[in-house]
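Notes to accompany the following structure.
The values are calculated or read from the model by the stated rules, or taken from the named source; none is laboratory data. In this text, all values refer to a predicted model and were calculated from it rather than measured experimentally. Methodologically, a virtual Cβ is constructed for each residue, glycine included, from the backbone with ideal geometry; neighbour enumeration extends over all protein chains shown.
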Amino acid sequence: EKRKLLQAETLKDLREKCITLGLDTSSCNEKADLIDLLLDADNENPSTKAETEAHLRQLVARGLTLLEDAVNELTNNPDDNEPSENVTKAIGIFEKVTREAGTIKSQLLEARAMHGLASAYSLIPDRADAAPMMMEMAANIFWVLDEKSDSKSCFVDASSLYQTAGHYQEAIRCLSDYDAKSNTLIFSDKIQELREEYEQTIRQQQQQQQQQQQNSTAA
């Protein structure tokens, strides 16, 4: 029954399914090869929580590798606005891990997948707005799990993503939240720098508005 369903799918869709599952398709030249690979993987689905976690960790590693390749591609082709195939594949993997981590109640894997997903979203213009919020969610989960180093990195990344989007107040809040949680002033200098940059941006916007009003009046 499942073979018939898979046979109805295109070669491209089958290959993407295999990649999302972290399967090696290098030896698959025909559609039948991909179907066999998917059926074999289905028969070997992890049955215990430990095996499932190990499988999902492998998928996260695969997703991060794809993401690294995508960043390198973007560096080499900065004018290419279309999301690369590697980004699309990475998103599929991280979304799968996020879902399955929830079913086995592994918050750590969920946070790692969310971190990867946020990083991938940041590379796609029409999804970039969701990236900083998702990164911040990962940061908070890591904090609750006492993964302080990962939490700190995610708070920094979230702040940077907010700043890139022009949301300075959110960028400041992220770093302030970390300092409050950790009872430190680690980011006090960076927070002050962001405040000054935000104030400068506001002044520039006001000057532009005044100039536009003057030009409109003169016309």
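Kindly indicate whether residue 182 is under 24 Å from residue 112 (Cβ atoms) and surrounded by 14 or more Cβ atoms within 10 Å (Cβ to Cβ).
On the way: under 24 Å from residue 112 (Cβ atoms): yes; surrounded by 14 or more Cβ atoms within 10 Å (Cβ to Cβ): yes.
Yes, satisfied.
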(request) Would you tally the residues in the range 3-34 being of a type outside the set (Val, Ile, Thr) and exposed (fewer than 11 other Cβ atoms within 10 Å of the Cβ)? (result) 9
(request) Can you run down the residue pairs with Cβ atoms below 8 Å, 6 or more apart or on separate chains, where the first is in the range 165-184 and closer than 22 Å to residue 148 by Cβ and the partner is surrounded by fewer than 17 Cβ atoms within 10 Å (Cβ to Cβ) and of a type in the set (Val, Ile, Thr)? (result) 178/186; 179/186
(message) Give me the helices (runs of 4 or more DSSP H) completely within the range 105-219, filtered to those with at least 3 residues that are over 30 Å from residue 53 (Cα atoms) and aliphatic (A, V, I, L, M), ordered by residue number.
(response) 168-182, 188-218
(message) With at pLDDT 85 or above, among the acidic types (Asp, Glu) and closer than 22 Å to residue 121 by Cα as the only criterion, which of 53, 16, 85 stands out?
(response) 85
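How many residues, within the range 74-94, are more than 21 Å from residue 51 (Cβ to Cβ) and either surrounded by 15 or more Cβ atoms within 10 Å (Cβ to Cβ) or touching a strand residue (DSSP E or B) at 6+ places or on another chain (Cβ under 9 Å) (or both)? Outline the logic, then answer.
Here is the first cut: in the range 74-94, the ones more than 21 Å from residue 51 (Cβ to Cβ) are 74-92.
So of that shortlist, the ones also either surrounded by 15 or more Cβ atoms within 10 Å (Cβ to Cβ) or touching a strand residue (DSSP E or B) at 6+ places or on another chain (Cβ under 9 Å) (or both) come out as 74, 83-84, 86-92.
Qualifying residue count for the region: 10.
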(request) Could you run through the range 162-195 and say how many residues are more than 15 Å from residue 152 (Cβ to Cβ), out of contact with any Phe, Trp or Tyr (no Cβ under 9 Å at 6 or more places or on another chain) and of a type in the set (Ser, Thr, Tyr)? (result) 1
